[in-house]
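Student: Shown below is the structure under consideration.
The values are calculated or read from the model by the stated rules, or taken from the named source; none is laboratory data. As the structure is a computational prediction, the values presented were derived from the model and not from experiment. Here the Cβ positions follow ideal geometry from the backbone for every residue, glycine too, while neighbour counts run over all protein chains shown. Remember, those area values only see protein heavy atoms, side chains included, never the ligands or the DNA or RNA. Shrake-Rupley method; radii C 1.70, N 1.55, O 1.52, S 1.80 Å.
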Amino acid sequence: MGLLLNTKSCLEHHEPLINHAGSIQQRAMAFLEDEFRIILEESVIKESAVVADDSNSERKSTADQQDHQNDAVVTQDNDQMLVPESGDQEIEYPGYPDDVVVVLRKIAEKMKGGGYGWECREVYLVGRRNILMRTLKQDCEFEKVSIDEVQKMSWDTLEREIPIWNKTFKDCSSLFFPGELKLAERIFPGDEGSLFCIVTHGLAIQFLGFAEAVAMTRRSTEKLFKILDIYETLRDSFPSMEQLFPEELRGELRNEVTSARSRLGETAIHIFSDLEHSIKSDSSKTPVPGGAVHPLTRYTMNYLKYSCEYKDTLEQVFKSHSKMEQEEEEPVKSGNSAFASQLMRIMELLDGNLETKSKQYKDIPLSCIFMMNNGRYIVQKIKGAAEIHEVMGDTWCRRRSSELRNYHKNYQRETWGKLLGFLGHEGLMHNGKIVKPNLKERFKSFNATFDEIHKTQTTWVVNDEQLQSELRVSITAVMIPAYRAFMARFSQYLDPGRQTEKYIKYQPEDIEDLIDQLFEGNTSSSSTATAKRRT
């Protein structure tokens, strides 16, 4: 009891001194706290690093545009889509010189030793969060957006946001988050895990929320490639990010990523289903003028060609996330991947649709030209891109080329077979003599029929120069020898002068010149063929 009284008396005697010491310590700690904050905010330097965006570096410097009439993804008359090039980009981490880190660590130790460790941690957390977000905004153009905001964005706006998100996520995974963990470790050794998580965890969750929100927006075919970009970013960059977090948070983040990737994958699959539906439902009744390539063909082939540049990712998507009933109804053919089978199914739908559209032309030769134009466009697209050619294969291309030759033969027979009939000998001779009225009628019929063919088929369109040349050469090879032979045999039986000029309208060279005018889409052709005679 006496000891307690003595202690109490001693405390009362020294209370002013104790209060004074406490006040000095409080001021000292406040000074250190201010100093820590100032150094933290004003001593930041940008430490450069070059980070390669290697997930897509071999893909898409340019890609074919998609020009379907119902989608504004691309322009109608240009097959080149400019895609941002992905290469090495210099990014900078907002860190500190080594001597500054030493000072910050010493201040943190002093404040912790003085019982002000919590206050020091709070200054650090607020300061580093602000510095990190400011850096992402200034250097990466990244802005935090909520799920609701994402879903209210127009596609034009969202299309600009997604590449920013991709780059920021990759930069955080490879540079910013590792930098934050290392910095916390150097300033607060032994306590770095919790500080790192508080600075970065909320941002990581926000990243994943953005990805899931994009997958939940209204589906449309134009969104597929941006969705696949996000899918690839999560697949390729998240594993290194999750390793930075303690085990108890990894599971939460992994679940978030699994959910986002599932939504993105299922959305990608449904978009392909929508593409199938759009082909099935494209039942326009107006034939394309001149038998030209149909917009549906251009759109579908350019879309598939670009899709094949993501073929490994799409194969993974179909394998991992497909829950569509059609996969049970239409099992993958032996030797074909899930994506290849999907591609084949779309091609079959397109073929069927084009076959139906070809029947809209009342002129059988024009329907053949239509099928040749579209078939050649399809084959050239496939042969011109290694990715889609690898999926479709040589056998498929050979079969399509064979079909094109059949259409060519049908066109030749339907158009020029009739004209060749006028150059036969049957019905021109009787009892070994030429029947002049029949010969004159034969020349008149040939001229009238050729004029009609020329008038009609100069309005037809064959834009592929090789196909156009093949058609003209094949027509010339059939018609000119037959016409020369007919002229050589029978022109002598017409009286020289006016009669010859009346019935022999063209020389073989004239016919050849006029054949070279076919398939140019000339809508202002005259009622009769005209050609400059060769001299």
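Student: With the requirement that a residue be in a helix (DSSP H, G or I), more than 15 Å from Met216 (Cβ to Cβ) and open to solvent by 50 Å² or more (accessible area, probe 1.4 Å), what does the stretch 145-172 give you?
Tutor: Selection gives Asp156, Glu159, Arg160, Pro163, Lys167.
Student: Now for a separate question. Specify which of the listed residues (Ser220, Ser194) is open to solvent by 30 Å² or more (accessible area, probe 1.4 Å) and either in contact with a strand residue (DSSP E or B) (Cβ under 8 Å, 6 or more places away or on another chain) or of a type in the set (Gly, Ala, Ser) (or both).
Tutor: Every option except Ser194 fails the conditions.
Student: Residues of the stretch 112-144 being within 16 Å of Glu192 (Cα to Cα) and in contact (Cβ under 8 Å) with a residue 12 or more places away in the chain, which ones?
Tutor: The answer is Glu119, Cys120, Arg121, Val123, Tyr124, Leu125, Gly127, Arg128, Arg129.
Student: A further question follows. Kindly state which helices (runs of 4 or more DSSP H) lie completely within the stretch 389-506 and contain at least 3 residues that are open to solvent by 60 Å² or more (accessible area, probe 1.4 Å) and either within 30 Å of Met347 (Cα to Cα) or aliphatic (A, V, I, L, M) (or both).
Tutor: 465-490
Student: Additional query: Among the residues of the stretch 366-388, how many are hydrophobic (A, V, I, L, M, F, W, C), open to solvent by 60 Å² or more (accessible area, probe 1.4 Å) and not in a helix (DSSP H, G or I)?
Tutor: Adding up the residues that qualify gives 0.
Student: Also, quick follow-up: Out of the residues in the stretch 202-216 that are touching a residue at least 60 places away in the same chain (Cβ under 8 Å) and surrounded by fewer than 19 Cβ atoms within 10 Å (Cβ to Cβ), state the one that is nearest to Lys152 (Cα to Cα).
Tutor: Only one residue tops the list, namely Met216.
Student: From the list Glu149, Glu192, which residue is closer than 19 Å to Arg250 by Cβ and free of Cβ contacts under 8 Å to residues at least 12 places away in the same chain?
Tutor: Unique residue meeting the criteria: Glu192.
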